[in-house]
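Colleague: Sharing a structure with you now.
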Amino acid sequence: MEKYIDLARELGAVHARLISPEEIFFDRRVLLKCRWGCEYHCNREPGKCGLRDLSPEQGEQAVRGYRHILLVHSHDRTELSRMTLEIERRAFLDGLYLAFTVRACHLCRKCRVEEGRPCLMPEKLRPCEAAFGIDVYRTVRHQGLPVNVLQSKEDTPDRYGFVLVD
C-alpha cells in the first residue's frame, strides 16, 4: 500500500495517509448539508456529485467493506480529483479491481452539467463524501491534518479525497 502513498505524493498531494475504515467518521447531519445545502444535489441528470440513488446506509456499508483507505490532501480541487482517479486506476491495474474513489468531481474547469449539458466524462463521476454521510472535518482532524472553514476567498482551501482499496 506504500506505493499508493508514494504515488499520491508524486502526483502532488500535500499529504497522503493510509487509514482504516474504522477511522472514517459518519454522521447523518452531513446528509442534511448534502441534500439541502449543496449546489450540485438538485442537478442530478446524472448529477455532478455522481449520486446514483445509493442510500447513505449502502454507502457506509460499502466503505466499511474495504480494508484500506488512502486519504489524499490537496489545496486544488481539480488536481485532487485527477490524483484520486489516477490512484484508483493504478490500483485497478495492479489487480486491486475494487479500488474506488469517493470524491466530488471537479475535473473540468467549467462543468457542463451545471449548464444543463451532458458530462464530458461520465465514466469518471464518483460520489462525493457527503453523499455517503462522511464527516470529512472530523475524519481529517482525527488524523491531525488541517481543515478549516474558509473565511474568505483569499484563504487556502484544504481539499480531501478518499481512495478505497482492497
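Colleague: Considering each of Asp76, Asp135, Asp155 in turn, give the residue that is acidic (Asp, Glu) and in contact with an Asp or Glu (Cβ under 9 Å, 6 or more places away or on another chain).
Modeller: Working: Asp76 fails: in contact with an Asp or Glu (Cβ under 9 Å, 6 or more places away or on another chain); Asp155 fails: in contact with an Asp or Glu (Cβ under 9 Å, 6 or more places away or on another chain).
So the residue among Asp76, Asp135, Asp155 that is acidic (Asp, Glu) and in contact with an Asp or Glu (Cβ under 9 Å, 6 or more places away or on another chain) is Asp135.
Colleague: Follow-up question, since we're still on this one. Can you name every residue in the stretch 120-166 that is in a helix (DSSP H, G or I) and of a type in the set (Ser, Thr, Tyr)?
Modeller: Taking the stretch 120-166 first, the residues in a helix (DSSP H, G or I) are 122-124, 130-132, 136-142.
Those that are in a helix (DSSP H, G or I) and of a type in the set (Ser, Thr, Tyr): Tyr137, Thr139.
Colleague: A further question on this structure: Which residue pairs have Cβ atoms closer than 6 Å, lie 6 or more positions apart in sequence or on different chains, and pair a first residue in the stretch 56-67 that is over 15 Å from Arg103 (Cα atoms) with a second residue that is assigned to a helix (DSSP H, G or I) and among the small types (Gly, Ala, Ser)?
Modeller: Close Cβ pairs (under 6 Å, with a partner that is assigned to a helix (DSSP H, G or I) and among the small types (Gly, Ala, Ser)) do not exist here.
Colleague: Have a look at Glu88, Glu115, Glu123 and point out the one that is charged (D, E, K, R) and either surrounded by 17 or more Cβ atoms within 10 Å (Cβ to Cβ) or within 18 Å of His15 (Cβ to Cβ) (or both).
Modeller: Values: Glu115 fails: either surrounded by 17 or more Cβ atoms within 10 Å (Cβ to Cβ) or within 18 Å of His15 (Cβ to Cβ) (or both); Glu123 fails: either surrounded by 17 or more Cβ atoms within 10 Å (Cβ to Cβ) or within 18 Å of His15 (Cβ to Cβ) (or both).
One residue alone meets the criteria, Glu88.
Colleague: If Gly161 passes every condition in (1) modelled with pLDDT of 95 or more; (2) out of contact with any Pro (no Cβ under 7 Å at 6 or more places or on another chain); (3) exposed (fewer than 15 other Cβ atoms within 10 Å of the Cβ) but one, which one does it miss?
Modeller: Against the list (1) modelled with pLDDT of 95 or more; (2) out of contact with any Pro (no Cβ under 7 Å at 6 or more places or on another chain); (3) exposed (fewer than 15 other Cβ atoms within 10 Å of the Cβ), Gly161 comes up short only on (3).
Colleague: Just a yes or no: is a residue in the stretch 129-144 modelled with pLDDT under 95, open to solvent by 40 Å² or more (accessible area, probe 1.4 Å) and out of contact with any His (no Cβ under 6 Å at 6 or more places or on another chain)?
Modeller: No, the stretch 129-144 contains no residue that is modelled with pLDDT under 95, open to solvent by 40 Å² or more (accessible area, probe 1.4 Å) and out of contact with any His (no Cβ under 6 Å at 6 or more places or on another chain).
Colleague: Suppose we filter His106, His73 for residues that are touching a His at 6+ places or on another chain (Cβ under 9 Å) and surrounded by fewer than 23 Cβ atoms within 10 Å (Cβ to Cβ); which single one remains?
Modeller: Working: His106 fails: touching a His at 6+ places or on another chain (Cβ under 9 Å).
It is His73.
Colleague: If you don't mind, another one. When you scan the stretch 12-119 for helices (runs of 4 or more DSSP H) that lie fully inside it, which ones turn up with 1 or more residues that are modelled with pLDDT of 95 or more?
Modeller: On the way: elements: 28-37, 56-64, 77-93.
Ranges flagged: 56-64, 77-93.
Colleague: Select from the stretch 1-20 the residues that are among the charged types (D, E, K, R) and under 13 Å from Leu164 (Cα atoms) and list them in ascending order. Walk me through how you get there before you give the answer.
Modeller: Here is the first cut: in the stretch 1-20, the ones among the charged types (D, E, K, R) are 2-3, 6, 9-10, 17.
Hit for the stretch 1-20 is Arg17, nothing else.
Colleague: Go over the candidates Arg90, Arg138, Arg103 one by one and state the one that is out of contact with any Gly (no Cβ under 9 Å at 6 or more places or on another chain), closer than 18 Å to Ile19 by Cα and in contact (Cβ under 8 Å) with a residue 24 or more places away in the chain.
Modeller: Numbers: Arg90 fails: closer than 18 Å to Ile19 by Cα; Arg103 fails: out of contact with any Gly (no Cβ under 9 Å at 6 or more places or on another chain).
None of the others qualify; the one that does is Arg138.
Colleague: Additional query: Among the residues of the stretch 145-158 satisfying the criterion of being over 15 Å from the mean Cα position of the chain (by Cα) and among the acidic types (Asp, Glu), which is least open to solvent (accessible area, probe 1.4 Å)?
Modeller: The qualifying residue least open to solvent (accessible area, probe 1.4 Å) is Asp155.
The values are calculated or read from the model by the stated rules, or taken from the named source; none is laboratory data. Remember, it's a predicted structure, so these values are computed and weren't measured experimentally. Positions of Cβ are generated from backbone atoms using ideal geometry, with glycine treated the same way; all protein chains shown enter the neighbour counts. What goes into the accessible areas is simple: the full protein's heavy atoms, side chains included, and nothing from ligands, DNA or RNA. Shrake-Rupley method; radii C 1.70, N 1.55, O 1.52, S 1.80 Å.
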